[in-house]
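Please read the structure below before turning to the comments.
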Amino acid sequence: MSSHLTRYILRRLLQAVPLLLGVIVVNFTLIHLAPGDPITLLAGDGGDTEYFEAMRAKYGLDRPVTSQLVLYLRGILRGEFGYSYAYGRPVFEVIFARLPPTLLLMGVSLALSTVIGMWLGLVTARRARSVTDRSVLLVTLLGYGMPAFWLGQLLVLLFAVRLGWLPVQGMENAREEYRGLARAIDLLRHLALPVATLSLLHLALITRLTRTGMREELSKDYARTAHAKGLSTARVATRHALRNALLPVVTVVGGDIGSLFTGAVLTEIIFAWPGLGRLLYDATLNRDYP
């Protein structure tokens, strides 16, 4: 790695520190200034005033917001991200336990949408202005404009409520305990609707990028020369044009992980998927801030 690139990376990292600090301060302040606290929500109607005051003092919630913020920032510098009142465990442990389901959902969605999107883009590029091309373009336009929460509700109504083919929530069947192949099949059935919801936007983007790149590559001189030498359109597309057309696709796949995580938050809320998105939603409702 060159010294210029090293300095650039270090400079960008240093520039990110004030932004990250500002986000932490604003979020912490807004959450703590809202009415109510986690002790009241967790205790419900039980407990008296002395109990509430004792619990607030135990967790430091009776201190001013500025003092709590300073303690929180000190904890972050030491690698301590606070304590979850709802789960009775350190925040890092709670997040780490919910990370695998989110990674599974995002990984499967990213892989399927990328592979299927590249294949659809290749097919439509070879059949430009055909019925197949126009149909796929219509689906991709719908994918761009359809919110994840609305698509998720439609899929639930169709495949879970009306047809009864797929489960509507969770990661596994809570009523029965499966093992081996049956457990894998049960997991796939629970994955189907969340993955379909999360994949649509990414699938539409990959399809359009691949289609545009392939049409551009197939119109270049080297592709025409290959055609003139007797190579079929399919061979020219798969052996020569596809590699060049996928360069922008690879770039987008890497940069689209952030938006995929944002979509995963909504998807996990809709389908009660036990990942980070659902954890964030539950923590917000329960005021489970560190």
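Every read-out reported here was derived from the displayed coordinates using simple, explicitly stated rules and does not represent laboratory data. What you see is a predicted model; the values in this text were computed from it and never measured. Every residue, glycine as well, gets a Cβ built from its backbone with ideal geometry; the counts of neighbours run over all protein chains shown.
Taking 2.2 N^0.38 Å as the expected size of a compact globular protein, what ratio does the Cα radius of gyration of the range 96-285 give against it, to two decimals?
The range 96-285 yields a ratio of 1.20.
Can you give the extra length, in nm with one decimal, that the chain gains between GLU53 and LYS220 once fully stretched, where that is 0.36 nm per residue apart less the Cα-Cα distance?
52.7 nm
Starting at the first residue of the range 190-198, write each ³J(HN,Hα) from the Karplus equation 6.51 cos²θ - 1.76 cosθ + 1.60 with θ = phi - 60°, in whole Hz, x for Gly and Pro.
Values, residue by residue: 6, 6, 4, 5, x, 5, 4, 5, 6 Hz.
By average Cβ neighbour count within 10 Å, what is the ranking of 120-127, 278-285, 204-211, 87-94 from highest down?
Per-residue mean Cβ counts within 10 Å order the peptides as 204-211, 120-127, 278-285, 87-94.
Size of the dipole of the chain about the Cα centre, Lys and Arg at +1 and Asp and Glu at -1 on the beta carbon, nothing else charged, in debye to 20?
The calculation lands at about 1920 debye.
Could you give the size of the charge dipole of the range 191-290 about its Cα centre, using +1 on the Cβ of each K and R and -1 on the Cβ of each D and E, expressed in debye and rounded to the nearest 20?
I would put it at about 680 debye.
Taking 0.36 nm per intervening residue step and subtracting the Cα-Cα distance, what contour gain separates ALA272 from ASP62 on full extension?
Gain on stretching ALA272 to ASP62: 72.3 nm.
Under a Cβ-only charge scheme (Lys and Arg +1, Asp and Glu -1), can you give me the dipole magnitude of the range 31-173 about the Cα centre, in debye to the nearest 20?
Value, rounded to 20: 980 debye.
In nanometres, what is the gap between the two model label sites at PHE81 and ARG11, each 7 Å from Cα along Cα-to-Cβ?
If labels sit at PHE81 and ARG11, their model points lie 3.1 nm apart.
Using modelled backbone amide H atoms (1.01 Å from N, in-plane), which distant-in-sequence or interchain residues come within less than 5 Å of SER84's amide H?
Here the answer is ARG89, VAL91, since their amide H atoms fall under 5 Å of that of SER84.
For the chain, with a Gaussian network of springs between Cα atoms less than 10 Å apart, report the residue from THR49, THR233, THR267 with the top mean-square fluctuation.
THR49
What nm distance separates the two modelled labels at TYR144 and TYR281, each placed 7 Å from Cα along Cα→Cβ?
Rounded to a tenth, the inter-label distance reads 2.8 nm.
Go through 241-253, 130-142 and give me the packing order, highest mean Cβ count within 10 Å leading.
241-253, 130-142
Can you tell me how much longer the chain between ALA182 and LEU69 gets when fully stretched, taken as 0.36 nm per residue apart minus their C-alpha distance, in nm with one decimal?
Between ALA182 and LEU69, full extension yields an extra 35.8 nm.
Over the chain, what is the relative contact order in whole percent, taking alpha-carbon pairs under 8 Å and six or more residues apart?
In percent, rounded to a whole number, it is 26.
Between THR29 and ASN244, how many nm apart are label points set 7 Å from Cα along the C-beta direction?
Rounded to a tenth, the inter-label distance reads 5.4 nm.
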